[in-house]
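The values are calculated or read from the model by the stated rules, or taken from the named source; none is laboratory data. The structure displayed is predicted, hence computed values, not measured ones. With ideal geometry, Cβ positions are generated from the backbone for all residues, glycine too; neighbour counts draw on all protein chains shown.
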Amino acid sequence: MQRITRGNPLVLLIALVIPLVLAGCAGGQLGVKSSKEYRNGMVVSANQLASQVGIAILKKGGNAVDAAVAVQFSLAVVYPNAGNIGGGGFMVYRSAKGETSTIDYREKAAAKASRNMYLDSAGLPIVEKSMYGSLAAGVPGSVAGMFEAHQKYGKLPWADLIAPAIALADQGFEVSERQANELNGLQKRFALLNPSGTAFMKASAWAAGDLLVQKELANTLTHIKEKGKAGFYEGAVANAIVAEMQRSGGIISLEDLKNYEAIWRKPVVGMYKGFKVITMPPPSSGGIALIQLLKAVEGYPLKKWGHNTDSTVQVMVEAERRVYADRAAHLGDPDFYKVPGIQLMDAAYIKNRMSSFTWDKATSSTAVSAGVVAPMEHEETTHFSIVDREGNAVSITTTLNGSYGAGVVVKGAGFLLNNEMDDFSVKPGAPNMYGLVGGEANAIAPNKRMLSSMTPAILEKDGDLFMVVGTPGGSTIITSVFQTILNVIDFDMNMQAAVTAKKFHHQWLPDEVQVETGALDSVAQRVLERKGYIIKPRGPIGRVDAILKTKWGFYQGGADPRGDDLAIGW
Ligand code: GLY
């Protein structure tokens, strides 16, 4: 069991934060929630300690990739509900000179995985099996992804980028009120899945300011610091993962770990009103869907209609309905399934898809063909955006899938396993609650990557960097990134306003418009309802963390106020 004590803020500040922050804050600004502008670079992440680590690396002479590696490992410590080493993610990179690339470090199914592994003897899905416990975990990709990125682009030594995360795990950090509440809500699940205890378990309730110390995680990070990728996928840490599988019924083997490779993939690229959008190809559905959405609305006078007016919302919703129907039918791991990406993003195809839409009433989702349904997706995950002094940019979205992933902490190694297997179509070919069948493209197969919605993106204007953007939010990721881009390009918002603006979401099925409280005024809502749109109010949508480069060459941050997110510039 690891040490858990109530934190003394002063001691904490001295012991932990100051060494990291002194470098990070000299001459810089903390707590940027408005669009203040900076010349030399910026880090925006879901956690202030992680943002501080990132900016410290930039100030030390590291580039955007160095800072990204340090932020990814730090988030695994200070934002354990989604930051991770036991999960996966996607990185989109653009150099200051305009070179672009992406790394797919998505988890993949173990070699022993099989199509029906989450079905009972009657062929029905056993929901808990793909959600909780070791069997829900895909082979983790984050360490391989970061190692690969650093090998190609890194400037500072690897060890220097892991050291801040080790310090945070070893000395602890103060949990926020939000984190304390989350941890309290998960105590029973942690106890059930981790009989020998974890750093997240505590006899009395967690409170804001309590210190979370993760000694075992610090030790695992030290292996990674010293041995690189092999420090995770081989040796003591790999052995601990496999022992955990044996203890709790998982199937990931030493071979699965040793064989895991992050993959460099060609970005998906599209144009919107003269802006070049560079984003993630499959196994993310996000990139293709984002380009489809932008192209579907490009011909409409959104600016004239205004932000979230009934006409604007109607066109965006009808585009979303059609794009999500395509997504469910046609997208999966491109190494296993021929994804028709070029056809889906073809301007004539998209125009034809939109031709069935009429102003007088809502299209019915059942009338939109391509009818298969994607699984329900978790809305956790996390995103961070970074630009360095030279203008190199990194956009990373990374995840354990559900909050705190599978709920299993690898015994002796101190990190959470993902529950990403739940992103597969657990039962393709069978009718779901809407009478439609699940997607074959995303069926489970050994070594296959599960479909994702993560949409890290970078935009260019006239050959120069314009925006770095992304968000968590499961299936709402794509529509949140879409709206953030429109908010800047069509509705002239600054970066913070575009992030803060209330959002809405339609995903073909269920056939309803999910609307964040306050996103629509009563007039727009009444007009849409009269046309047959089902408006479903809901809580926060997305947690976008983004950076905008102004035409004068300054960076504006957008840190989502829906979370504890923080933009730090210098
Ligand atoms: N698990 C969330 C996603 O990959 O989209």
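I'd like to know if region 546-556 contains one or more residues that are farther than 20 Å from GLU380 by Cα, buried (at least 24 other Cβ atoms within 10 Å of the Cβ) and out of contact with any helix residue (DSSP H, G or I) (no Cβ under 8 Å at 6 or more places or on another chain). Scanning region 546-556, I find at least one residue that is farther than 20 Å from GLU380 by Cα, buried (at least 24 other Cβ atoms within 10 Å of the Cβ) and out of contact with any helix residue (DSSP H, G or I) (no Cβ under 8 Å at 6 or more places or on another chain), so the answer is yes.
Is one or more of the residues making up region 179-197 part of a helix (DSSP H, G or I), within 13 Å of GLY412 (Cα to Cα) and in contact with a Phe, Trp or Tyr (Cβ under 6 Å, 6 or more places away or on another chain)? No: zero hits.
Mind checking which helices (runs of 4 or more DSSP H) fall wholly inside region 463-570 and carry at least 3 residues that are closer than 24 Å to MET354 by Cβ?
On the way: elements: 476-489, 495-500, 522-530.
Per the criteria, 476-489, 522-530.
When THR366, THR358, THR279, THR312 are checked against the criterion of being over 26 Å from LYS448 (Cβ atoms), surrounded by 22 or more Cβ atoms within 10 Å (Cβ to Cβ) and among the hydroxyl-bearing types (Ser, Thr, Tyr), a single residue qualifies: THR312. Being of a type outside the set (Asp, Glu), surrounded by 24 or more Cβ atoms within 10 Å (Cβ to Cβ) and at pLDDT 95 or above is a property that GLY54 has.
The criterion of at least 3 residues that are not β-branched (Val, Ile, Thr) is met by the following strands (runs of 3 or more DSSP E) wholly inside region 36-140: 88-94, 100-105.
Matching residues to (1) more than 16 Å from the ligand (Cβ to nearest atom); (2) in contact (Cβ under 8 Å) with a residue 12 or more places away in the chain; (3) surrounded by fewer than 23 Cβ atoms within 10 Å (Cβ to Cβ); (4) among the basic types (Lys, Arg):
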| site | (1), (2), (3), (4) |
| --- | --- |
| ASN442 | no, yes, no, no |
| LYS448 | no, yes, yes, yes |
| LEU451 | no, yes, no, no |
| GLU460 | yes, yes, yes, no |
| VAL469 | no, yes, no, no |
| ILE478 | no, yes, no, no |
| VAL481 | no, yes, no, no |
| ILE489 | yes, yes, yes, no |
| ASN494 | yes, yes, yes, no |
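Just the residues that are more than 20 Å from ASN447 (Cα to Cα), away from the ligand (no atom under 11 Å from the Cβ) and not hydroxyl-bearing (Ser, Thr, Tyr), please, taken from region 402-424. Residues satisfying the conditions are GLY407, VAL408, VAL409, VAL410, LYS411, GLY412, ALA413, GLY414, PHE415, LEU416. Checked against (1) crowded, with 24+ Cβ neighbours inside 10 Å; (2) at pLDDT 95 or above; (3) more than 27 Å from VAL44 (Cα to Cα), GLN507 meets all criteria but (2). Note on region 378-401: residues that are crowded, with 24+ Cβ neighbours inside 10 Å, within 16 Å of the ligand (Cβ to nearest atom) and part of a loop (DSSP other than H, G, I, E, B) amount to 3.
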